[in-house]
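What follows is one structure encoded as structure tokens, with my remarks underneath.
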Amino acid sequence: MALLQISEPGLSTAPHQHRLAAGIDLGTTHSLVATVRSGEPQVLEDELGHALLPSAVRYCSDEAPHVGYSALNMQDKDPTNTIVSVKRLMGRVLADVNEAAELPYALLDAPGMVRLATVSGDKSPVEVSAEILKALRERAEKSMGGELTGVVITVPAYFDDAQRQATKDAAKLAGLHVLRLINEPTAAAIAYGLDQAAEGTFAVYDLGGGTFDFSLLKLSRGVFEVLATSGNGHLGGDDFDQRVYGWILQHANIAAPTAGDMRTLLVAARRAKELLSKQDSAPIQAVLSDGTAVDLTLEYSTFDTLTADLLQKTLISCRKALKDAALAVEDLNGVVLVGGATRMRTLRREVTQFFGRQPLTNLDPDKVVALGASIQANILAGNRGADDLLLLDVTPLSLGIETMGGLTEKIIPRNTTLPVTRAQDFTTFKDGQTAMSIHVLQGERELVGDCRSLGRFELRGIPPMVAGAARIRITFQVDADGLLSVTAREQSTGVETQIVVKPSYGLGDDEIARMLQESYQLAEADKHARMLQEAITEARRLLESVKAAMDTDADLLDDAEQVEINAFMQHLFNAMAAGGTDDIKKHMDALNNGTRDFASRRMNRSISQALTGQTVDSIAA
Amino acid sequence: MIDFSATHLQLFGLPQQYGIDLNVLESRYRELQTKAHPDRFAGEDETQIRLAEQWSGRINEAYRVLKSPFERGCYLLTLQGIEPFGQNQPAMPPDFLMQQMQWHEQLAEARSKADKLMQLEQSVERHKKSLLTDLSGTVDSSAEQAALILRKLKFLFRLEEQVGEALEALE
């Protein structure tokens, strides 16, 4: 065995240290942050006891942006600089934004993503979201008394790759390490499942401010298996407000509202909608910028008629997911309502009717998503307990490539469990063709133009053959994080090319770096110090995990192998003490490589252990 | 010790046959994923996580194939060296071709009528069920017959999709 180790002060490994992790619900109308404390998930509040942070950012000419209530309160006075519901713009180009005309902002068309002109310069939705995340990060670090190791951020299940990437970029910009993006309905199910110790098949109906999500999950002994998910990225509580707003314009004879009037009336519309959850009619009173007074009464039945088609749309999505999962409403053990908009009485009535049962509403629909995210964050940060849950998630949208004639060929259909690897063979179109362009797509439609383009790459060096003779195997691989990589390989020669797909809407690393520079003005020295700190943290974690593995499975190694791994560990330890970032990384790679066989043997052991203890007849039969 | 060359059924410790207990399959799937899923190795070294990705993906794929009667049938025939959808398949029997034509006519006539479409959907569903029953009796004993049933089923799946699309267009 190697010599006993004595650690440098400040470098001692603390194997059972609790890592600070949080779950963040980055919502259209409001956002929350939660963490697991002494085994209990809880939402963190600000100094005034508010759990919800309004997702509102107000840019000022001479000071840092305001976030939350202080921004929200200024939205009718300073509408163009006060950004609300920015989530609807994430990962979207101007042409994608249907409601552009109804938004009081100066939207700019820009390559990749729409931008907003404000008094402190043009802002991308990613930057606006990063301000919200920074506010939540501060709240969490103040409350928890230390730097966050990592966070789980929730996104609508129906977010596509560009929207997910934009969310990750915002987190990076806010200085947060993202352990995983998880889907909002899944997070809600985690919170419910643990709270109720539920078993069976559940539906989660999640209507937020700007998005609708529907997921079907099977819960069994700590395993959460997503069976199917569907939804609508452009449908939420805001749309109900818009309907009421349109009704106000019509009935108060307002032809040309100013940006400020728009805000005032939208706020009044929302208030009326909320009142109608409790009473049968709601007064709508407001004074416009030109002094005109609006005084109307909205009846419950009128509201019902105005919004009936929106509810119908959600139910069509529910039907689709049930069909994908080959389930009928009778097969469900419960229906969970999530999202503030599910407080609407009309909605509860329609949902009850569709599913033939009363939905579950015992957890606060505003908090449940953040609570679930914090539970998953705690696990992924490595704070593991004995009764850990496991989340088996699916791809929300189909992934495929473009074939001749502008058609989409699906390689991984929607609702496939992750991680997944799937290959399909293609061939050449022309005699003597030596290159092939591979266009990666996401979406359900037949035509390429209707799907979202995730990227293009080329396979070159195909030997010249007659058309249709070459065999090109295209492999799609999606890991547990939902990241896609694509490989193309010519079978006879083995010529190969591959890419990790970055959506065309995502920001490049350079752009992120530039934004980081702008927002922090980080000195070079600070950056190096941070990189070193990160490398040391990573190295420490690696050492802990190898040590733990050797403690439990030492019998899988012979003496020589043990000595060798110990030597790699000692080198890495020395590098940490010496404090060179590159050196630490080099020795981490060496240790990783040196333990590859060991890791493989441990994996095989644990798989075969999973099958032992099975009844003999079923294995031998 | 289990390795990547094991069949899907061996991976789950199930007998090498079409008739399997789906409850056992499901509970073993969960047990295996509980061991192999990359999230189980959160915070551990990359090698371990990459290995877990491979295992977990392999288990997902095997589970997907085995839990579907159609996919399981295709898979078992392929193991016997028979490609149900390969080239040079014998022609479909004339009575099935006739039935195919009838269905297509019905679909064309029902295109804008939701009730007719739903009737057709139910008729397709009934045929599917009866073919799946036939399939369970043939995969292990008469591979050629099973291959024919699988080809018929594939036709029904496509038809079902077309009916579904027509229904969605009406919504």
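The values are calculated or read from the model by the stated rules, or taken from the named source; none is laboratory data. Bear in mind that the values here come from a model prediction, so they are computed numbers and not experimental data. Here the Cβ is made from the backbone with ideal geometry for all residues, glycine too, and neighbour counts use every protein chain on show. Note: accessible area is taken over every heavy atom of the protein model, side chains too, but ligands, DNA and RNA are not part of it. Shrake-Rupley method; radii C 1.70, N 1.55, O 1.52, S 1.80 Å.
According to a simple spin-label model (label point 7 Å from Cα along Cα-to-Cβ), what is the distance in nm between A:Leu107 and B:Leu97?
In this crude spin-label approximation the distance works out to 5.6 nm.
List, in order, the whole-Hz ³J(HN,Hα) value for each residue of region A:331-343 obtained from phi through the Karplus relation with A = 6.51, B = -1.76, C = 1.60 and θ = phi - 60°; use x for Gly and Pro.
Result, ordered by residue: 6, 7, 9, x, 10, 9, 9, 10, x, x, 5, 6, 6 Hz.
With every protein chain present, what is the per residue accessible area of chain A (1.4 Å probe, Å²)?
Ligands and nucleic acids excluded, the result is 43 Å² per residue.
Return the calculated 222 nm mean residue ellipticity for the protein assembly as shown, to the nearest 500 deg cm²/dmol, obtained by summing -39500 (n - 2.57) across DSSP H runs with n ≥ 4 and dividing by the residue count. Could you put the intermediate results ahead of the total?
On the way: 22 runs with 350 residues, N = 792.
One gets -14500 deg cm²/dmol as the mean residue ellipticity at 222 nm.
Grab region B:94-170 and count how many Lys pairs have their alpha-carbon atoms under 15 Å apart, sequence gap of 8 or more, or different chains. Walk me through the numbers on the way to the answer.
Details: B:Lys128/B:Lys152; B:Lys128/B:Lys154; B:Lys129/B:Lys152; B:Lys129/B:Lys154.
The result is 4.
If you average the sequence gap of Cα pairs under 8 Å that are 6 or more apart and divide by the length of region B:1-102, what percent do you get for the contact order?
On the way: 55 pairs, mean separation 23.2, N = 102.
Once divided by the residue count of region B:1-102, the mean separation gives 23 percent.
Express in whole angstrom the spacing between the alpha-carbon centres of region A:135-153 and region B:51-94.
48 Å
Restricting the count to DSSP beta bridges whose residues both fall in region A:149-249, what percent are antiparallel, rounded to a multiple of 5? Could you put the intermediate results ahead of the total?
On the way: 17 of 22 bridges.
Bridges in region A:149-249 are about 75 percent antiparallel.
Assign one of three labels to the protein assembly as shown, namely rounded, prolate or oblate, based on the Cα gyration tensor with a ≥ b ≥ c the square roots of its eigenvalues; rounded applies when a/c is under 1.5, prolate when it is not and a/b is larger than b/c, and oblate otherwise.
Details: a/c = 1.65, a/b = 1.10, b/c = 1.50.
Cα axes put the protein assembly as shown in the oblate bin.
Give the separation of the Cα centroids, region A:83-101 to region A:213-231, in Å.
29 Å
Roughly how big is region A:279-357's charge dipole about its Cα centre, with Cβ charges of +1 (Lys, Arg) and -1 (Asp, Glu), in debye to the nearest 20? Walk me through the numbers before you get to the answer.
Details: 9 positive and 10 negative charges, 86 e Å.
Approximately 420 debye in magnitude.
Quick one: angle between helix B:114-138 and the longest Cα principal axis of chain B, in degrees between 0 and 90, rounded to 10, please.
Approximately 60 degrees, to the nearest 10.
From the phi angles alone, apply the Karplus equation (6.51, -1.76, 1.60; θ = phi - 60°) to region A:303-310 and give each ³J(HN,Hα) in whole Hz, x where the residue is Gly or Pro.
These are the phi-based 3J(HN,Hα) values: 4, 4, 5, 4, 10, 4, 5, 5 Hz.
Let me know the mean shielding of A:197-204 by other chains, meaning the per-residue number of their Cβ atoms within 10 Å of its Cβ.
Across A:197-204, the average partner-chain Cβ count within 10 Å equals 0.
What residues qualify as long-range amide H neighbours of A:Arg37, i.e. H under 5 Å apart, gap of 5 or more or another chain, H built at 1.01 Å from N?
A:Gln42
Dipole magnitude of the protein assembly as shown about its Cα centre, charges +1 at Lys/Arg Cβ and -1 at Asp/Glu Cβ only, in debye to the nearest 20? The partial results should precede the final answer.
Numbers: 79 positive and 108 negative charges, 181 e Å.
Dipole of the protein assembly as shown, to the nearest 20 debye: 860 debye.
For the protein assembly as shown, what proportion of DSSP beta bridges, expressed in % and rounded to the nearest 5, is antiparallel?
On the way: 81 of 100 bridges.
Given both bridge residues lie in the protein assembly as shown, the antiparallel proportion sits at roughly 80 percent.
Quick check: convex hull over the Cα atoms of region A:183-253, volume per residue in Å³, rounded to an integer? Write out the running numbers ahead of the final one.
Values: hull volume 6.1 nm³, N = 71.
Hull volume over Cα atoms, normalised by residue count, gives 86 Å³.
In Å², rounded to the nearest 100, what is the total accessible surface buried by chains A and B against each other with a 1.4 Å probe?
On the way: alone 28990 and 10630 Å², together 35610 Å².
Accessible area lost upon association: around 4000 Å².
Quick one: check the C-alpha center-to-center distance for region B:95-132 versus region A:254-320, whole angstrom.
Here the answer is 46 Å between Cα centres.
In whole percent, and with a 1.4 Å probe on the protein chains, what portion of the accessible area of region A:522-595 is carbon and sulfur?
Numbers: 2140 of 3910 Å².
About 55 percent, which is the carbon plus sulfur part of the accessible surface.
Below 8 Å, C-alpha to C-alpha, sequence gap of six or more: please give me the relative contact order for chain B in percent. Before the final figure, lay out the partial values.
Working: 117 pairs, mean separation 37.4, N = 171.
That works out to 22 percent.
Mind checking which lysines have their C-alpha under 25 Å from A:Lys273, skipping anything on the same chain fewer than 8 residues away?
The qualifying lysines are A:Lys77, A:Lys87, A:Lys313, A:Lys367.
In what order, largest first, do A:Glu138, A:Glu561 sit by accessible area if the probe radius is 1.4 Å?
Result, largest first: A:Glu138, A:Glu561.
Express the relative contact order of chain A as a whole percentage, based on alpha carbon pairs under 8 Å and six or more residues apart in sequence.
Working: 1164 pairs, mean separation 79.3, N = 621.
Reported relative contact order: 13 percent.
Can you pull the mean other chain C-beta count within 10 Å for peptide A:595-607? Show your work: numbers first, answer last.
On the way: counts 3, 6, 1, 2, 10, 5, 1, 3, 10, 5, 3, 7, 11.
That works out to 5 on average.
Angle check, please: helix A:259-275 long axis (alpha carbons) against the longest principal axis of chain A (alpha carbons), in degrees 0 to 90, nearest 10.
The angle comes out near 90 degrees.
Residue by residue, what Karplus-based ³J(HN,Hα) values in Hz, rounded to whole numbers, does region A:567-574 have, using 6.51, -1.76 and 1.60 with θ = phi - 60° and x for Gly and Pro?
Running phi through 6.51 cos²θ - 1.76 cosθ + 1.60 with θ = phi - 60° gives 5, 4, 5, 4, 4, 5, 4, 4 Hz.
With everything on Cα atoms, drop me the angle between helix A:368-380 and the longest principal axis of chain A, reported from 0 to 90° to the nearest 10.
10 degrees
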